[in-house]
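Report on the following structure.
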Amino acid sequence: MTARLERQKILARDNPPPLWTVFDEGVLHRCVGGAGIMRDQLAALLTASEHRNISIQVVPKSAYVTGGAIAGLEGGFFIASAEGSLDSVFVESAAVGHVTDHPRDVAAICRRYEAVRSAALPARASADPIAKVMTEWQQT
């Protein structure tokens, strides 16, 4: 946990890197650590979303009804870009994680990201479901 908190400081430095994240609305409702922790985590997301270098988008439940976010159900992934080097991706499953910079793999993950992101609410609109669910956690 200490390492995670240290990594978060990178996002608050003078010239922070961009962080774009997209996640399923269902995670807002999935209780991890209790109602107080969920409320605090959602408040932290709302605060983070106000930073110019951070974009948080929520894929609404309705996107799964229409089939728009199916690509996101295949497992989590991260795309890392750094000036002067190849992009790389980390793909995780229940059993193992894998890092690669092979252009074919990176392109496939980037396409998956765009498919999921296109089903997500815009960043500004994504604050609404986060705030709504945060108030629901306050009532429990």
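Quick notes on this one:
- Restricted to strands (runs of 3 or more DSSP E) entirely inside region 22-121, those with at least 1 residues that are of a type in the set (A, V, I, L, M) and open to solvent by 30 Å² or more (accessible area, probe 1.4 Å) are 77-80, 88-92, 97-100.
- Within region 126-140, the set of residues being open to solvent by 40 Å² or more (accessible area, probe 1.4 Å) and modelled with pLDDT of 90 or more comprises ASP128, LYS132, THR135, GLU136.
- Summed over region 4-21, the residues that are part of a helix (DSSP H, G or I) and open to solvent by less than 60 Å² (accessible area, probe 1.4 Å) give a count of 1.
The values are calculated or read from the model by the stated rules, or taken from the named source; none is laboratory data. No experiment lies behind these values; they were computed from the predicted model shown. The area values use the complete protein model at the heavy-atom level, side chains included, leaving out ligands, DNA and RNA. Shrake-Rupley method; radii C 1.70, N 1.55, O 1.52, S 1.80 Å.
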